[in-house]
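Every number here is computed from the coordinates shown, using simple stated rules; none is lab data. These numbers were taken from a predicted model, which means no experiment stands behind them. Neighbour counts run over all protein chains shown; Cβ positions are idealised from the backbone, glycine included.
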Amino acid sequence: MVLYLVQHGKNMPKDMDPQKGLSKEGLSEVKRIADVAAQYGVKVSKIYHSGKTRAEQTAKVFASSLNAESGIDQVDGMKPLDGVAAFAKKIDSVENIMLVGHLPFMEKLTSYLVAGTDEYPIFKFQNGGIVCLQKEPDASRWIIKWSLMPDIG
């Protein structure tokens, strides 16, 4: 089983869009990353997002490119400042799922799943990028398998 963690794409400033939806650049970058992931054969059963507009829009782009079998859905507990420990216990380690959310939640969740604590960052996310975590059935911790980011510089 693998878990794909995605920080939403770049969004519009609040004064231009009160819902802070994706900017043109953000939409373009998310589409590019989603298409590259599809070319690599990434398979996703379900995509969950935080419910915020920018996360939902990002999830829709990934769902379209990756042909997510069970579509997308909003899930509670993924807001930027939500705690990660309780959320981590709800992660199903049987299906390949994608979570689309925000910082600092996504970075803290990665640290918690890999290192057992969210106190120390272990990965720097980028808007629209993917971090793939893998967990073997008998393992207690996840490992970072790969990442795909819009900018490598």
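Please tell me if VAL75 is out of contact with any helix residue (DSSP H, G or I) (no Cβ under 8 Å at 6 or more places or on another chain) and of a type outside the set (S, T, N, Q). Talk me through it step by step, then tell me what you get.
Numbers: out of contact with any helix residue (DSSP H, G or I) (no Cβ under 8 Å at 6 or more places or on another chain): yes; of a type outside the set (S, T, N, Q): yes.
Yes; evaluated as a whole, the condition is true for this residue.
If you scan the range 23-74, which residues turn out to be in contact with a strand residue (DSSP E or B) (Cβ under 9 Å, 6 or more places away or on another chain), buried (at least 18 other Cβ atoms within 10 Å of the Cβ), in contact (Cβ under 8 Å) with a residue 24 or more places away in the chain and small (Gly, Ala, Ser)?
GLY26, ALA34, ALA37, SER50, ALA55, ALA59, ALA68
State all residues of the range 108-153 that are touching an Asp or Glu at 6+ places or on another chain (Cβ under 8 Å) and crowded, with 21+ Cβ neighbours inside 10 Å; if no residue qualifies, say none.
Selection gives LYS108, LEU109, PHE125, ASN127, GLY128.
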